[in-house]
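Novice: Mind having a look at this structure? Questions to follow.
The values are calculated or read from the model by the stated rules, or taken from the named source; none is laboratory data. What you are looking at is a predicted structure, and each value in this text was computed from that prediction instead of being measured. Here the Cβ positions follow ideal geometry from the backbone for every residue, glycine too, while neighbour counts run over all protein chains shown. All accessible areas refer to the heavy atoms of the entire protein, side chains included, with ligands and DNA or RNA removed. Shrake-Rupley method; radii C 1.70, N 1.55, O 1.52, S 1.80 Å.
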Amino acid sequence: MKTNNLFLKALAVMCAMTMSIMFTACGGDDDDNPNNENTPVEVVMLYSLSSNEEMRNLLDITIEYYDADGNVQTEMMTEDVWSREIRTKLPATLGTHVNYQLKDGIDINTVGKPVFTYGYELNGSAKNSKGKTICGSVFKKSGETIRLKEGKLPDWLARHSNSLVNFRFDYDVNGNVTEGSW
């Protein structure tokens, strides 16, 4: 009998916790009022990508990202750090995708043992009409040094040319966000 009571109590606690999670949302009691401090009206996304000179000398690094109008923009990475801040109304789709491709004219057989470093930071949050962050923050950060053995650049490109940085964030009208791939 004690086992059944303990099981029922545990089940009740789990149900209560699940219900509190299910009904947690970004919006407040008066979501129709954009001046309400709990009502998200926009999302701000900071894209920041980095690469080392050796990587940029051997590879064309193409950055695709969603702009404030929901259009995909394409830019080449030519400096150590590339960054953009996008501010847009909700709902919104934001994200970035990076392609790495061997530069024209590079003889793959003379590359040797390249050392690549790259990183990214994507920081997005829903804000109210006063610019206060209220929910939906997304933060990704990574930094990695890749030391390739001689002759392994073609294999590395085949596996990673489209997968190192590949994020998409869909924000609904309440500022809730789901993450996926580009």
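Novice: Going by amide H atoms built from the backbone, whose H comes under 5 Å of the H on residue 59, apart from near neighbours?
Specialist: Hits under the 5 Å cutoff: 103.
Novice: Using alpha carbons only, how many angstrom separate the centre of segment 62-113 from the centre of segment 141-169?
Specialist: Measuring centre to centre over Cα atoms gives 14 Å.
Novice: State the volume of the convex hull built on the alpha-carbon positions of segment 38-182, expressed per residue in Å³ and rounded to an integer. All intermediate terms of the calculation are to be shown ahead of the outcome.
Specialist: Values: hull volume 13.6 nm³, N = 145.
Spread over its residues, the Cα hull of segment 38-182 gives 94 Å³ apiece.
Novice: How much length is gained if the chain between residue 142 and residue 52 is pulled fully straight, taking 0.36 nm per residue apart and subtracting their Cα-Cα distance, in nm to one decimal?
Specialist: Details: separation 90, 0.36 × 90 = 32.40 nm, distance 1.42 nm.
Answer, rounded to one decimal: 31.0 nm.
Novice: If you don't mind, there's one more thing I want to ask. Suppose R0 equals 22 Å; then what is the FRET efficiency for residue 181 and residue 71 from their Cβ-Cβ distance, rounded to the nearest 0.05? Kindly include the intermediate steps, with their values, before the conclusion.
Specialist: Details: r = 19 Å, r/R0 = 0.86.
The value I calculate is 0.70.
Novice: With a probe of 1.4 Å, find how much accessible area segment 44-182 has per residue, and write the answer as a whole number in Å². Spell out each step's value before the answer.
Specialist: Numbers: 7360 Å² over 139 residues.
On a per-residue basis, segment 44-182 sits at 53 Å².
Novice: Something else about it: Under a crude label model (7 Å from the Cα following the beta-carbon direction), how far is residue 173 from residue 109 in nanometres?
Specialist: Modelled inter-label distance: 6.2 nm.
Novice: Also: Quick one: pull the percent of accessible area on segment 28-182 belonging to carbon and sulfur, 1.4 Å probe, ligands and nucleic acids left out. Provide the component values of the computation, followed by the final result.
Specialist: Working: 3410 of 8370 Å².
C and S atoms contribute 41 percent here.
Novice: Can I ask one more? What FRET efficiency comes out for the pair residue 160/residue 83, r = Cβ-Cβ distance, R0 = 25 Å, nearest 0.05?
Specialist: Working: r = 22 Å, r/R0 = 0.87.
About 0.70, to the nearest 0.05.
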